[in-house]
1. Counting only residues that are of a type in the set (Val, Ile, Thr) and surrounded by 14 or more Cβ atoms within 10 Å (Cβ to Cβ), which one in region 91-109 is nearest to residue 172 (Cα to Cα)?
2. When you check residue 72 against the structure, is it in contact with a helix residue (DSSP H, G or I) (Cβ under 9 Å, 6 or more places away or on another chain), over 17 Å from residue 168 (Cα atoms) and surrounded by fewer than 24 Cβ atoms within 10 Å (Cβ to Cβ), yes or no?
3. Just one of (1) modelled with pLDDT of 80 or more; (2) not in a helix (DSSP H, G or I) trips up residue 87, so point out which.
4. If you check residue 148 against the conditions, is it buried (at least 19 other Cβ atoms within 10 Å of the Cβ) and at pLDDT 95 or above?
5. Can you tell me which of 149, 171, 104 is without any contact (Cβ under 8 Å) to a residue 40 or more places away in the chain, more than 17 Å from the chain's Cα centre (by Cα) and assigned to a helix (DSSP H, G or I)?
6. Evaluate region 57-78: report whether one residue or more is at pLDDT below 85 and out of contact with any strand residue (DSSP E or B) (no Cβ under 8 Å at 6 or more places or on another chain).
7. Could you identify the single residue in 161, 155 that is over 21 Å from residue 37 (Cα atoms), in a helix (DSSP H, G or I) and not small (Gly, Ala, Ser)?
8. Any idea which residue in region 110-132 is surrounded by the fewest Cβ atoms within 10 Å (Cβ to Cβ), counting only those that are modelled with pLDDT of 85 or more and polar (S, T, N, Q)?
Amino acid sequence: MQGSALVIVGSAIPFLGDISYIRDILKKQTQPNRVSWLMWGISTLLVAFDQVHQGVGMIAMFSFAIAIGDILVFSASFVRGKGIWRLSSFDIACGIASALGLLVWTLTDNDTVALCAFMAADVLATIPTLKKSWSSPESESIAPYAATVLSSILVLSAVQVWTSGAVAFSVWLLAINLLLIFFISSKIGRKLRPKKARALRV
């Protein structure tokens, strides 16, 4: 399969995972963290525009697809308000810090500084969902994260010249989504929780 075809397929796959995730939201089987999904959508959309500016070609299509999916999930969370994860002050603080990171990214003309600011913003946006997947894995669904892992691999395999603009975002998505999948599927956070804490939870 040629590079352009890999990118097209890789850009389509995340929508399948998002559709499955939205279905679980509507069935109240999944409780998305709105801070993460909103900030992911905004940051990824900015990444896509930046990639277009850097001339990375069709790779930007993948980022646009991820951004649209994130925004759709965020929007769907308002349909079933009672089934949504309650935001803590920590979640909100991460969202604000993420927004500040994106602001730094948009104001700088230095590609290296911009990339570091974006990565910091996305990490901060991910922390609430990462924390939730560790402590309450039953509140999450694997589908969107697994779809993003597969699509990231396809997109990375299509890159002919590895530059930070072309591959940094996909490498980050691959790594963090693998970690989310591990937390959710293994329920390791629950297993490592002290017995006393687990008893209080029950």
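The values are calculated or read from the model by the stated rules, or taken from the named source; none is laboratory data. A quick note: this is a predicted structure, and the numbers were derived from the prediction, not measured. Glycine gets a Cβ as well: all are built from the backbone with ideal geometry, and neighbour counts include every protein chain shown.
1. First, the residues of region 91-109 that are of a type in the set (Val, Ile, Thr): 92, 96, 104, 106, 108.
Then drop every residue that is not surrounded by 14 or more Cβ atoms within 10 Å (Cβ to Cβ), which leaves 104, 108.
On the way: 104: 19, 108: 21 Å.
So the residue we want is 104.
2. Values: in contact with a helix residue (DSSP H, G or I) (Cβ under 9 Å, 6 or more places away or on another chain): yes; over 17 Å from residue 168 (Cα atoms): yes; surrounded by fewer than 24 Cβ atoms within 10 Å (Cβ to Cβ): yes.
Yes, satisfied.
3. Unmet for residue 87, out of (1) modelled with pLDDT of 80 or more; (2) not in a helix (DSSP H, G or I): (1).
4. When the stated conditions are applied, residue 148 passes them.
5. On the way: 149 fails: more than 17 Å from the chain's Cα centre (by Cα); 171 fails: more than 17 Å from the chain's Cα centre (by Cα).
The conditions single out 104.
6. Checked region 57-78: at least one residue is at pLDDT below 85 and out of contact with any strand residue (DSSP E or B) (no Cβ under 8 Å at 6 or more places or on another chain).
7. Of 161, 155, the one residue that is over 21 Å from residue 37 (Cα atoms), in a helix (DSSP H, G or I) and not small (Gly, Ala, Ser) is 155.
8. Once the filter is applied, the top-ranked residue is 126.
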